[in-house]
Amino acid sequence: MATIAAVAAAKPQGDERYPPKINGKQIAELIARVPKTHPRLLANAGQFAQLRKTVRQSPAHQALADAVIAEAKAFLKLKPSTRKMQGRRLLGVSRRVLKRTTTLAMAYHLTEDETFVRRCEKEMLAAAAFKDWNPSHYLDVAEMTLAMAIGYDWLHDQLAPENRVTIRTAILDKGVRLPTKSKRYAGRMRASNNWGQVCSAGMVAGALATCEDEPELAGKIVHMGIHGVTRSMKAFRPNGCYPEGPGYWNYGTSFNVVLLALLESVLGSSFGLAEAPGFAETGAFPALACGPSGAFFNYADGGAGRGPQAAMWWLAQRFERPDYMLGERAILTRQIAKMKTGKRAGSGSGRLLPLALLWMDDAAEPTDIRMPLHWSGGGRVPITLHRSSWTDVNASFVGLKAGSPSAPHGQMDTGSFVLDADGKRWAMDLGAESYHGIEARGMNLWSSKQDSDRWTIFRQSNAGHNTLVIDGQLQVVKGSATVVRFSDDPASPHSVIDMSSVYQGSAELVIRAVSMLPSAEILIQDQLTCLKPGAKVRWGFITKGTCPAPTGAAVLLTQKKATMTVTKLAPDDAVWIVIDTETPRNEWDSKNKGTRMLAFEAVAPASGELHLAVLFTPGSCGKSAIKTTVLDAIGDLR
């Protein structure tokens, strides 16, 4: 019933080549034609009026609108933000201000209650009074500029004239002008990671919100944003995967979508950016990278939790892929329930969620699922994913990570895997350590050198992942694993990665293979050659499953009523042990509550060759393939 066309700009027509061809003069001409009316960012007055009608007709819109209004009312009781740094960052404050402006300004347009205008006005005046928005960590400036731009534009006609000037001046002087004054700040818009997406969106928002007052400046910033963001959009090549993991996909892609939507709403085009290789496919990534347990395959510096993303609605609508929304409505419903309590009002999470009202529809859960069961992401940080079903709650799922520890937000998780079955995560990733906690100790978290402090952190090291550790050594940072074989054949789906360069100096050849059997069991195999005789290879995975002390080749893990049998098929002489991963290794490590590692240590024989194999059998498995499983030889694996 309600579609994007009712509340936001339709898909633009015309020259949409990639990379963008538009030049500065052409952008200046477009900006000169922008009406001097507000609102203009993402939606105009007519579209907000249509939104109010849509909310009355659409249960989906009504539910989210009620939640947005509830959070806006909670903000009425909170004092405006103050410039309180956390270490070297103001980012937490910028995110809270962004959440407050998007929520309060949207609440006004939903209700036309000026109480929300006055509270948003106070928030923006408080931020405008900050001495700066911490440009040394430019994400802080970018998110704050977006916050102020949306509040200023959406409430422009309701703001007191003198306050409008104060807020506009802050947007320009503390945000938009900075990239034209400093190559360092301009470089943030051209960054090849999520910074490029976030900083381009923030600066372009500020420029377009104030373009009638500073048209020349706006033209420069828009040109920088359009052409600069192409560097970070390379991350989506070739299949929509994201090198920094699904958590940072949420961040970078959400702001990337905001950037495109800003350009289209004000200038009528995103100038070919939506045609970037892999961008049309990236809307599938959250669903692909999320297991049936509801947890992400959280490789790199990311958590396993999945929340609703407004950008998902935009991507699904733009590329006519309703299956991208698989599971997203249920996630949104849970978030709405939390929003209505007002208890999360003090955080910066969900700060872009009000934008979903502009892009969402009220369609039912998709049944035509075009996303594959087996997927290889390709790109700089390849991952492969296998699942037995999209609709079976007991489905099996395994994600395998290749790539390099030196990648953006990289960890020594090359070869690591996560595994779901029967609605539970059985092999998990601990996620990232607290950035501030490490930085506050004077440790260098952001160096990827082999001897960096980063690798002394348990969660960052290969010892803290579901991969191999040879003689207690770290993985080689400059090494990189490649996917050497991938099959989506339903009869024998599997992935094989070559990790040899990541273990250079410890072994000549290190191969890991993951197979999904017809029984929905998961088989993990490793082949290693040219090990030093007597070398010790730790094989293990971290789990929240509990088990008695291992006594044989098979270990029964339990999570509530669900079970998983883990059977060591090779080598015969290795013995299962349970390693404590809950207790911090060092004073800078966090506690990993409720976790343990099920592991064994294999000793290299005189030949220097080892073959390791482990079978995961879910409790729901009707007939195990353990008796018929044939282990591949190393030549076949490679």
Check your understanding: Once the other residues with Cβ under 12 Å from the Cβ of residue 439 are scored (Lys, Arg +1; Asp, Glu -1), what is the net sum?
Key -> +2
Review point. Of 435, 251, which has the most accessible area with a 1.4 Å probe, and how do the rest follow in descending order?
Key: 435, 251
Check your understanding: How large, in percent, is the carbon and sulfur part of the accessible surface of the chain at a probe radius of 1.4 Å?
Key -> 51
Practice item. Rounded to the nearest 10 degrees, what's the angle between the helix 138-154 long axis and the longest principal axis of the chain, both from Cα atoms, 0 to 90? Key: 40
**Study point:** Pair residue 330, residue 587: separation of 7 Å Cα→Cβ label points (nm)
**Key:** 4.5
Practice item. Taking the Cα atoms of the chain, report the difference between the largest and smallest coordinate on each principal axis, in whole Å and largest first. Key: 81, 49, 48
Practice item. Leaving ligands, DNA and RNA out of it, rank 519, 232, 136 by accessible area with a 1.4 Å probe, largest first. Key: 136, 519, 232
Review point. Hey, how many Å between the Cα centroid of segment 409-483 and the Cα centroid of segment 546-616?
Key: 18
Exercise for review: Give a residue-ordered list of calculated ³J(HN,Hα) values for segment 451-457 (Karplus: 6.51 cos²θ - 1.76 cosθ + 1.60, θ = phi - 60°; whole Hz; x for Gly, Pro).
Suggested key: 9, 5, 4, 3, 8, 7, 8
Point to revise | Shape metrics for segment 113-242, restricted to C-alpha atoms - Rg then Dmax, Å | key: 15.2, 49
Exercise for review: Go through 412-422, 615-625, 316-326 and give me the packing order, highest mean Cβ count within 10 Å leading.
Suggested key: 412-422, 316-326, 615-625
Review point. Accessible area of residue 38, 1.4 Å probe, to the nearest 10 Å²?
Key: 20
Review point. Contour minus end-to-end for residue 21 and residue 115, with contour as 0.36 nm per residue of separation and end-to-end as the Cα-Cα distance?
Key: 29.4 nm
Practice item. Give me the distance between the Cα centres of segment 114-131 and segment 309-333, rounded to whole Å. Key: 32
Check your understanding: Ranked by accessible surface with a 1.4 Å probe, highest first, in what order do 71, 365 come?
Key -> 365, 71
Check your understanding: Bin by bin, in steps of 10 Å, what percent of the Cα pairs in segment 358-441 do you find, going until the bin that has the longest distance?
Key -> 14, 32, 30, 20, 4, 0
**Study point:** Simple label model, 7 Å out from Cα along Cβ direction - residue 79 to residue 549, nm
**Key:** 5.7
Exercise for review: Work out how much length residue 448 to residue 180 would gain on full extension: take 0.36 nm times their residue separation and subtract the Cα-Cα distance, in nm to one decimal.
Suggested key: 93.4 nm
Check your understanding: In nanometres, what is the gap between the two model label sites at residue 606 and residue 577, each 7 Å from Cα along Cα-to-Cβ?
Key -> 2.6
Check your understanding: Taking θ as phi - 60°, what are the ³J(HN,Hα) couplings along segment 595-600 by the Karplus curve (6.51, -1.76, 1.60), each to the nearest whole Hz, with x for Gly and Pro?
Key -> 10, 7, 10, 8, 8, 9
Exercise for review: Give the peptides 494-504, 110-120 in descending order of average Cβ contacts within 10 Å, highest first.
Suggested key: 494-504, 110-120
Review point. Aspartates and glutamates near residue 338 by alpha-carbon distance under 15 Å, same-chain residues fewer than 8 away left out - which ones?
Key: 66, 71
Check your understanding: Which angle between 0 and 90 degrees, to the nearest 10, do you get for helix 194-209 versus the longest principal axis of the chain when only C-alpha atoms count?
Key -> 10
Check your understanding: What value does segment 320-364 have for Rg/Rh, both radii from Cα atoms and Rh as Kirkwood defines it?
Key -> 1.00
Practice item. For residue 29 and residue 192, compute 0.36 nm times the residue count separating them, minus their Cα-Cα distance, and round to one decimal in nm. Key: 55.8 nm
Revision key, fill the gap. Net charge (Lys, Arg +1; Asp, Glu -1) of residues whose beta-carbon lies under 10 Å from that of residue 537, residue 537 excluded, is -1
Study note, to complete from the structure: Flagged as over-length at 30 Å C-alpha distance, from 73/544; 84/340; 79/131, the pairs are 73/544
**Study point:** On Cα atoms only, tilt of 245-267 relative to the major axis of the chain in degrees
**Key:** 30
Point to revise | Cα centroid of segment 355-408 to Cα centroid of segment 222-276, whole Å | key: 19
Review point. When the helix-only estimate is applied to the chain (DSSP H runs of n ≥ 4, each -39,500 (n - 2.57), divided by the residue count), what is the mean residue ellipticity at 222 nm, nearest 500 deg cm²/dmol?
Key: -10500 deg cm²/dmol
Review point. Which value, in Å², gives the accessible area per residue of the chain when a 1.4 Å probe is used on the protein heavy atoms?
Key: 37
Point to revise | Relative contact order (percent, whole number), segment 110-253, Cα cutoff 8 Å, 6+ residue spacing | key: 23
Check your understanding: For segment 429-442, in order, what is each residue's ³J(HN,Hα) by Karplus, 6.51 cos²θ - 1.76 cosθ + 1.60 with θ = phi - 60°, in whole Hz (x at glycine and Pro)?
Key -> 10, 6, x, 8, 7, 4, 4, 5, x, 6, 5, 5, 8, x
Check your understanding: In what sequence, highest mean first, do 160-170, 240-250 appear when ranked by Cβ atoms within 10 angstrom?
Key -> 240-250, 160-170
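The values are calculated or read from the model by the stated rules, or taken from the named source; none is laboratory data. This structure is a prediction, so every number in the text was calculated from the model and none was measured. Every residue, glycine as well, gets a Cβ built from its backbone with ideal geometry; the counts of neighbours run over all protein chains shown. Protein only, heavy atoms only, side chains kept; ligands, DNA and RNA dropped before computing areas. Shrake-Rupley method; radii C 1.70, N 1.55, O 1.52, S 1.80 Å.
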